[in-house]
1. Hey, rough spin-label estimate for Arg18 and Asp340, points 7 angstrom out along Cα→Cβ, what's it come to in nanometres?
2. Taking the Cα centre as origin and putting +1 on Lys and Arg beta-carbons and -1 on Asp and Glu beta-carbons, what dipole magnitude results for the chain, to the nearest 20 debye?
3. Once both labels are modelled 7 Å past Cα along the beta-carbon direction, what's the Arg369-Glu39 spacing in nm?
4. Which of the listed residues, Met119, Thr171, Leu376, is farthest toward the dipole's positive end in the chain, when Lys, Arg count +1 and Asp, Glu count -1 at the beta-carbon?
5. Using a 1.4 angstrom probe and counting only protein chains, how large is the accessible area of Lys85 in Å², to 10?
6. Would you mind calculating the relative contact order of the chain from Cα pairs under 8 angstrom and at least 6 residues apart, reporting the percent as a whole number?
7. Go through Thr343, Ile322, Ser302 and say which Cα lies farthest out towards the positive end of the charge dipole of the stretch 271-358; charges sit on Cβ, +1 for Lys and Arg, -1 for Asp and Glu.
8. Given Lys192/Lys288; Lys192/Lys257; Lys35/Lys85; Lys112/Lys257; Lys110/Lys250, which pairs have Cα atoms separated by over 26 Å?
Amino acid sequence: MVPDFLTIAEAARLIEKRELSPVELTQSRLDRIAKFDGELHSFIRVLADDALASARAAESEIAAGRYKGPLHGIPIGLKDIYETKGIPTTGHSKVMQDHVPAADAVSVTKLKDAGSVIMGKLATHEFAFGGPSFDLPWPPARNPWDTTRFTSGSSSGTGAAVPAGLVLGGTGSDTGGSIRGPAALCGIAGLKPTYGLISRRGILPLAFSLDHAGPMAWTAEDCAIMLQAMAGHDPADPASANHPIPDYRKALTGDVKGLRIGLIRHFYTTDNEADPATRDAIDAAAKKLAEMGASVREITVSPLAEWAAPGIIIMMSEAYAIHEANLRTRFTDFGEAFRDRMTLAGLWTAADYVHATRRRREMIDELDRAMAGLDLVMTASAVSEAPKFEDVSKFAILERPSLTMPFNVTGSPAMSVCCGFTEPGLPLSFQIVGKRFHDATVLRAADAYERATPWRSRRPSL
């Protein structure tokens, strides 16, 4: 019998030894989707027949001695902004509900080439922005730890499906926190890689200069496995970085000895105050990393609002430029949350955008200076556990400065890591940030922390 919960790494070891059938693993996930997703709404579209066909092909290849690696035969899901050949890619919007791409996104091709089994298309917030919305063709995903609560967004379906064991991993995108937010509130590992490390070609854009694609899974090790397959230069993506790709899994040494970590505490104690449980959990995580051999010291940078403000202006200005034509002609086909936020963006000027991009350059330089004697920084991913749906404001992104946006502005690799649970059993998280293209160091620290703490042994009770 296939266990309800497996990591990618665990399943891969069993598949490689032929102790676990990819077909049985895939069928077990389809059974869980049928059983639980009617309440979670993590999937927009389940591709049961395609998934089973891919699983059978993987099983035949492995039996013939053509094992491709740790994603071979592994069931994953795709955020529904990743284009899929012959299969609708909607952005969770009525505006594109009939859009059927002619080709897969580059990252989807890479995941398929690695042997992944694509289970279906996962919920997002409309065009990876806005939400949660209840006026779209599909309902919003719900948090598996408590279905009355928000997943955060916009990679909401992946955030819900992974901890629930409906998939072993999934893709996300992150323009201002859309990987790290759901990872934080849903208690999983979510990596926003260095800007340009993964091609965005074939991924519906929100803001060209801030969009990052990345993996979401139960553990940092699983994220490393997915990143290995997804990363690489794409000459057809003008933002793609032509940078060597290391062995990310090899970097997972299990220790943090010698790593120098700066704790940006004022982001979540003064600038955007987190609740006591979150503050205590992050303080405990910093103490644990120090006990494990890292050097952890508190550092001070510019107030959080100075990092978040240029990111918000750039994101919304670029998003408005992308959607302007449809906003003019199909305004009511968008959900209320998306169209009302985008209307605000239409009031900003070219001067606002130019000033924001200049300020962005200054913030990049500031973080580089702050990290000159450090390997990593850490701070909060979210200010609290997952809120109830009714407590999420339409304009929440503008009401308090974002804890995640600073590292979209800088293009730095940043990852949410679970660091405990509230008394009612809701996940808490912190954020690890590295220097550009030092994604392996971020993964190393996250993996070592996960191994040294008990949080990965706890799953939601569905």
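1. 5.9
2. Dipole magnitude for the chain comes out near 680 debye.
3. With each label placed 7 Å out from Cα toward Cβ, I get 5.3 nm.
4. Of Met119, Thr171, Leu376, it is Leu376.
5. Roughly 130 Å² of Lys85 is accessible to a 1.4 Å probe.
6. Reported as a whole number, the value is 18 percent.
7. Ile322
8. Lys35/Lys85; Lys112/Lys257
The values are calculated or read from the model by the stated rules, or taken from the named source; none is laboratory data. Treat the numbers as computed from the prediction; the structure is a model and nothing was measured. Cβ atoms come from the backbone with ideal geometry, glycine included; neighbour counts cover every protein chain shown. When the accessible area is computed, the model is the full protein with side chains, heavy atoms only, and any ligands, DNA or RNA have been set aside. Shrake-Rupley method; radii C 1.70, N 1.55, O 1.52, S 1.80 Å.
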